[in-house]
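The values are calculated or read from the model by the stated rules, or taken from the named source; none is laboratory data. None of these values were measured; they are calculated from a predicted model. With ideal geometry, Cβ positions are generated from the backbone for all residues, glycine too; neighbour counts draw on all protein chains shown. Only protein heavy atoms, including side chains, enter the accessible area calculation; ligands, DNA and RNA are left aside. Shrake-Rupley method; radii C 1.70, N 1.55, O 1.52, S 1.80 Å.
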Amino acid sequence: MIGNSKKIIFWLKGQDDSKKFEIKEYHPKRSLNSNSYCWELCTKIAEKINSSKEQVYYQMLKEYGQSMLIPVLPGTCLEGFSKYYEFYERGKLNGKDCDWYKVYKGSSNYNSSEMWIFLEGIVYEAKELDIPTLEDYRIEKLVEQWGKVSKED
């Protein structure tokens, strides 16, 4: 039941005393944003190809996401520093041996132009699998809203 305190108290007075109830403050569900839409599509793609949404998301980051190459000392473990990374190559930097890793930025940290590229790629992949997607103008609105709540471009 959702209501103000008076309405809930009135309702509770009519309930069986042997029952237990939990009361918590009501918070409306967050509206759909571009990042949650990315995850929604990743989930649908995962279901279609019998994979996990996390695996699909990581693949989408590789295909359409933002990344950078970083050098680290050989044998350095990146776990705990970044969630999305992959070994790129062994090489040298300033004459010293190093391992180069490709590190992917998580979509929740994207600005609106980065989010647009990422979301456009995921929508393309979904359409290739005959998964229904939002109309282009609705996706544009999601990304516009993203720009207003995320870091400035």
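The tail of the calculated P(r) for segment 1-83, taken as Cα-Cα distances beyond 18 Å, holds 68 percent of the pairs.
Ignoring ligands, DNA and RNA, what percent of the 1.4 Å accessible area of segment 1-148 is carbon and sulfur? The C+S portion of the solvent-accessible surface of segment 1-148 is 51 percent.
What net charge do the residues around Lys127 carry, taking every other residue with its C-beta under 13 Å from that of Lys127, with Lys and Arg at +1 and Asp and Glu at -1?
-4
With a sphere of radius 11 Å drawn around the Cβ of Tyr58, what net charge do the other residues whose Cβ falls strictly inside it have (Lys, Arg +1; Asp, Glu -1)?
Residues near Tyr58 contribute 0 overall.
Summarised in one figure, the compactness ratio Rg/Rh of segment 82-153, Cα atoms and Kirkwood Rh, is 1.16.
Rolling a 1.4 Å probe over the heavy atoms of the protein chains gives segment 64-153 an accessible area of 67 Å² per residue.
Taking a sphere under 9 Å around the Cβ of Glu86 and counting the other residues whose Cβ falls inside, with K and R at +1 and D and E at -1, yields a net charge of +2.
Angle of helix 53-64 to the longest C-alpha principal axis of the chain, folded into 0 to 90 degrees and rounded to 10: 50°.
Sorting check: for 124-134, 60-70, 100-110, which peptide has the highest mean count of neighbouring beta carbons within 10 Å, and how do the rest follow?
Packing order, densest peptide first, comes out as 100-110, 60-70, 124-134.
Seen against the Cα atoms of the chain and their longest principal axis, helix 34-49 is set at about 80 degrees. Considering the dipole of the chain built from charges on the beta carbon (Lys and Arg +1, Asp and Glu -1) around the Cα centre, which of Gln66, Thr133, Gln145 is farthest to its positive end? Ranked along the dipole, the leading option is Gln145. Per-residue ellipticity at 222 nm, computed for the chain from helices alone with -39500 (n - 2.57) per DSSP H run of at least four residues, works out to -14000 deg cm²/dmol. Over segment 32-128, Cα pairs under 8 Å with separation of 6+ residues give a relative contact order of 32 percent.
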